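Peer 1: Pasting in a structure now, in C-alpha cells, and then I'll have a few things to ask.
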Amino acid sequence: MPSVAVVGASAKPERYSYMAVERYAAAGWTVYPVHPAGHCVAGIAGFTELAALPERPTVISMYLNPKLGVEMLDALVAAAPDYLWLNPGADGEPIARAARARGLRVVETCNLVALSRGDPLAIAAELAGPVAD
C-alpha cells in the first residue's frame, strides 16, 4: 500500500493540505500528516517531523513555502521518498532545483487534481522530471 507524508498538514478543514490528507486516505493510502505541532488531521494522528514516521513514505507532498522546503532538504532526502510532490505555493525555486540536485524525483502540480484523475503514482511517473546528474 502506498504511503504519503503531507508536510505542512493543517488541522483546518478549509485548507488544501487538510483536503489532501482526507483524499489520500479515501483513496486507500497510508497517510502521515506532518506539522511541527503534531496535531491530528482529519482524524489521523500527526507527526512533528519526517524522521518520526514509522516507514519510508512513497510520496512526500509539500504544503510549505519553497524557502521553508529548502530548509528541510536534508530531512526530505533522508526520508527517501519515491517522489517529492510540490503543490502550488510550495513549488518553484529554490526548492525544485535543490531537490533534484540532491537526487529527488520532483513533481510540480496539484496532488488534489492528480487524485481526482486517478492514480497519483502513475501521474507522478509521467510528470516527474529527471534527477540531476
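Peer 1: Quick check: anything in the range 101-111 touching a residue at least 12 places away in the same chain (Cβ under 8 Å), in a helix (DSSP H, G or I) and closer than 24 Å to MET1 by Cα? Walk me through it before giving the result.
Peer 2: So the first thing to find is which residues in the range 101-111 are touching a residue at least 12 places away in the same chain (Cβ under 8 Å), and the list is 101-111.
So of that shortlist, the ones also in a helix (DSSP H, G or I) come out as 101, 111.
Adding the requirement that they be closer than 24 Å to MET1 by Cα leaves 111.
Yes, because at least one residue in the range 101-111 is touching a residue at least 12 places away in the same chain (Cβ under 8 Å), in a helix (DSSP H, G or I) and closer than 24 Å to MET1 by Cα.
Peer 1: To continue, here is another question. Can you pull out the residues in the range 57-93 that are loosely packed, with under 14 Cβ neighbours inside 10 Å, out of contact with any Lys or Arg (no Cβ under 7 Å at 6 or more places or on another chain) and part of a loop (DSSP other than H, G, I, E, B)?
Peer 2: Those that are loosely packed, with under 14 Cβ neighbours inside 10 Å, out of contact with any Lys or Arg (no Cβ under 7 Å at 6 or more places or on another chain) and part of a loop (DSSP other than H, G, I, E, B): ASN65, GLY92, GLU93.
Each row is one residue, and each column tells you yes or no for (1) free of Cβ contacts under 8 Å to residues at least 60 places away in the same chain; (2) over 15 Å from TYR32 (Cα atoms); (3) in contact with an Asp or Glu (Cβ under 6 Å, 6 or more places away or on another chain).
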{"residue": "LEU53", "(1), (2), (3)": "yes, no, no"}
{"residue": "ARG56", "(1), (2), (3)": "yes, no, no"}
{"residue": "ILE60", "(1), (2), (3)": "yes, no, no"}
{"residue": "LEU64", "(1), (2), (3)": "yes, yes, no"}
{"residue": "LYS67", "(1), (2), (3)": "yes, yes, no"}
{"residue": "GLU71", "(1), (2), (3)": "yes, yes, no"}
{"residue": "ALA79", "(1), (2), (3)": "no, no, no"}
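Peer 1: Give the residues of the range 12-34 that are assigned to a helix (DSSP H, G or I) and in contact with a Phe, Trp or Tyr (Cβ under 6 Å, 6 or more places away or on another chain), sorted by residue number. Break it down stepwise before answering.
Peer 2: The initial filter retains those residues of the range 12-34 that are assigned to a helix (DSSP H, G or I), namely 16-26.
Correct list: SER17 only.
Peer 1: Could you check ASP119 against (1) in contact (Cβ under 8 Å) with a residue 12 or more places away in the chain; (2) of a type outside the set (A, V, I, L, M); (3) surrounded by fewer than 13 Cβ atoms within 10 Å (Cβ to Cβ) and say which number it fails?
Peer 2: (1)
Peer 1: Can I ask one more? Any residue at all in the range 102-112 that's touching a Gly at 6+ places or on another chain (Cβ under 6 Å) and among the small types (Gly, Ala, Ser)?
Peer 2: No; the residues of the range 102-112 include none that is touching a Gly at 6+ places or on another chain (Cβ under 6 Å) and among the small types (Gly, Ala, Ser).
Peer 1: If you don't mind, there's one more thing I want to ask. If we scan the range 35-56, do we find a residue that is crowded, with 17+ Cβ neighbours inside 10 Å, over 12 Å from the mean Cα position of the chain (by Cα) and in a helix (DSSP H, G or I)?
Peer 2: No, the range 35-56 has no match at all.
Peer 1: Sticking with this structure for a sec: Output the residues belonging to the range 1-11 that are in a loop (DSSP other than H, G, I, E, B) and of a type outside the set (A, V, I, L, M, F, W, C). Let's see the steps before the verdict.
Peer 2: The initial filter retains those residues of the range 1-11 that are in a loop (DSSP other than H, G, I, E, B), namely 1-2, 8-11.
PRO2, GLY8, SER10, listed by residue number.
Peer 1: Quick one: ALA80 ticks every box in (1) on the phi > 0 side of the Ramachandran plot; (2) at pLDDT below 95; (3) among the hydrophobic types (A, V, I, L, M, F, W, C) except a single one, so which number is it?
Peer 2: The single condition ALA80 does not satisfy is (2).
The values are calculated or read from the model by the stated rules, or taken from the named source; none is laboratory data. Because the structure is a prediction, the values reported are computed rather than measured. Note: ideal-geometry Cβ built from the backbone for every residue, glycine included; neighbour counts use all protein chains shown.
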